[in-house]
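Next up is a structure, given as structure tokens.
The values are calculated or read from the model by the stated rules, or taken from the named source; none is laboratory data. None of these values were measured; they are calculated from a predicted model. Cβ coordinates were reconstructed from backbone atoms using ideal geometry, including for glycine residues, and neighbour counts include every protein chain displayed. These area figures cover heavy atoms from the full protein model, side chains too; ligands, DNA and RNA do not enter into them. Shrake-Rupley method; radii C 1.70, N 1.55, O 1.52, S 1.80 Å.
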Amino acid sequence: MTKKIRLIISVLFVCILFALPLSAFDWGGFVSADVGIKGTANADLIKKITQSDRLTLWMRIPFPLKDSYFTAEGFYDFKYANETKEITHLLDISLCKLSMTVNEPEAKFTLNMGRYGISDLSGFVFAQNADGIELRVSTSRFESKLYGGYTGLLNSYTAPMNVSQFSAGQMLYQPAASTVIGSFFMSFPRLFKQQTLSCEISGFGGQTVPALFTTAALNGPIYGSLFYAVSSTAAFEMPRKDSFLFSNLSRFELTAYLPFMSSFLSWNTVFATGKTGSEKTKNIGDFKSLSIIPASLSGSVKYAGNVKTGLTGSFKPHSSLLWTLNADAFFNVMNTSAAKGFIGVQWQTAVRWQIFSDLQLSVSAGQFFTDFDKKKAPYTLATVKLLYSF
């Protein structure tokens, strides 16, 4: 009898545990429509017009434990390309995450499971969705994170990976390449004079060449509202069992927060190694990322072997209006496949207007200029997007 009572109590407890959050169940969605052009600015630019309409639905269920919840998001995307008259339908689950948190007096423990966006410390190795599990520990002195993930269940049409796996005739959904991702992260906030030291070891393998990455980063205030961030990532790639390639990506950023219009101005410089073709540097290769992270608007310039430097500004003239703009210059410093020196420049600007709490309008434009001696027309992009939330 005692066992039956215990069983009944246990079942009731579990039912109450999962029934309590239902009263706080929340859901919503977005409907967006955008029209844009992408391509070389010439007389036929009108043919480059594309249209994209998206319906997104989301849900969130909080749990009795503080900071614990389940959330999911999926979307349907309709795309039309005027130049090819091609119509594309996409369907994907972009978020499906269970997060459980235990708060102790001296530490906070968080377990995340499912599909959600991840990024390495540098932001240049992988920055995309993955299916995985993460254990995070946070204290006043340090923060650590252990992650393991898999990409084989993602949709190739929406996963920005350098390893593609497409097959003809597939619609809506095509499994992405099978790649395993792992990382261990440590951060020491305000280690000395408000400076934060972070380090990470990450790697991936599977349907791609196995690679190991180590990143160290330091950031903090310099004086008043002037801040800096510097990081360096060393990569070790194993194309064969008896050889390896070394590459590096380093980044420096200087940001000043201005005392008007909630604005800031930032200078950012990125350098990545590339193949030189020299026998002395035969073990130095192109810096390769898992996620597709192009350096230029056109996607024609990669980070490997080049230097990208530029300015970014953000201004908020009104509480409902945000304006951003940036300009960059590119220089080839290591690639032997092209002439050394200046490659090109680009500019990009965007304005976002929150018309109402549930209605948003955004406009963006940009151009990438190269081959000035050949008087080549610049690569141009421009988009207008309207978003309604419910």
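Please give the FRET efficiency for residue 192 paired with residue 351, using the beta carbon to beta carbon distance and R0 = 56 Å, rounded to the nearest 0.05.
Step by step, r from the Cβ atoms, then E = 0.90.
According to a simple spin-label model (label point 7 Å from Cα along Cα-to-Cβ), what is the distance in nm between residue 230 and residue 91?
The answer from the label model is 5.2 nm.
Just to be sure I understand: with springs between alpha-carbon atoms less than 10 Å apart, which residue in 140, 314, 296 has the highest mean-square fluctuation in the Gaussian network model of the chain?
Of 140, 314, 296, the most mobile in the Gaussian network model is 140.
Compute, for the chain, the length of the dipole vector about the Cα centre, with Cβ point charges of +1 (Lys, Arg) and -1 (Asp, Glu) only. Units Debye, rounded to 20.
For this selection, approximately 340 debye.
Could you check the spin-label model distance between residue 371 and residue 162? Points 7 Å from the Cα along Cα→Cβ, value in nm.
2.5 nm
Dividing the convex hull volume of the Cα atoms of region 220-350 by its residue count, what figure in Å³ per residue is obtained?
Taking only Cα atoms, region 220-350 has a hull volume of 139 Å³ per residue.
Fully extended, how many nm does the chain gain between residue 283 and residue 140 (0.36 nm per residue separation, minus their Cα-Cα distance)?
47.3 nm
For region 193-253, which trypsin sites (Lys or Arg not before Pro) are in a loop by DSSP, counting at most 11 other Cβ atoms within 10 Å?
193, 241
From the C-alpha coordinates alone, can you work out the Kirkwood hydrodynamic radius of region 342-390, in Å?
12.8 Å
Another one. Select from 378, 64, 210 the residue whose mean-square fluctuation is largest in a Gaussian network model of the chain (Cα-Cα springs shorter than 10 Å).
It is 64.
List the trypsin sites (Lys or Arg not before Pro) within region 94-131 that DSSP assigns to loop and that have no more than 10 neighbouring Cβ atoms inside 10 Å.
none
A follow-up question, please. What do you get for Rg/Rh of region 241-313 when both radii come from the Cα atoms and Rh is the Kirkwood radius?
In region 241-313, Rg relative to Rh is 1.14.
Can I ask one more? Return one whole number: the accessible area per residue of the chain in Å², for a 1.4 Å probe.
Per residue, the chain has an accessible area of 57 Å².
Limiting things to C-alpha atoms, what are the Rg and the maximum Cα-Cα separation (Dmax) for the chain, in angstroms?
Spelled out, the Cα radius of gyration and Dmax of the chain are 24.0, 91 Å.
While we're looking at this one, here's another question. Between residue 78 and residue 45, take the C-beta separation as r, use R0 = 25 Å, and let me know the FRET efficiency to the nearest 0.05.
Result of the calculation: an efficiency of 0.65.
Shifting gears a bit: Once you have all Cα-Cα distances for region 59-201, histogram them in 10 Å bins from zero and send the whole-percent values.
With 10 Å bins starting at 0, P(r) equals 10, 31, 31, 18, 8, 2, 0.
While we're looking at this one, here's another question. Helix 2-19 versus the longest principal axis of the chain: what angle, 0 to 90°, nearest 10, using Cα atoms?
That helix lies at roughly 40 degrees to the long axis.
Which whole-Hz couplings ³J(HN,Hα) result when phi for each residue of region 231-238 is put into the Karplus expression 6.51 cos²θ - 1.76 cosθ + 1.60, θ = phi - 60°, listed in order with x for Gly and Pro?
Going residue by residue, I get 8, 9, 10, 9, 10, 10, 10, 10 Hz, with x marking Gly and Pro.
Still on this structure, please answer the following. Which peptide among 214-223, 340-349, 285-294 comes first, and what is the full order, when sorted by highest mean count of other Cβ atoms within 10 Å?
285-294, 340-349, 214-223
May I pose another question? When only alpha-carbon atoms are used, what values of Rg and Dmax, in angstrom, describe region 286-390?
Computed over the Cα atoms of region 286-390, radius of gyration and Dmax are 17.0, 53 Å.
Using the alpha-carbon centroid of each, what span in Å lies between region 288-365 and region 115-151?
That distance is 25 Å.
Give the Cα extents of region 191-260 along the principal axes, in whole Å, largest first.
54, 25, 18
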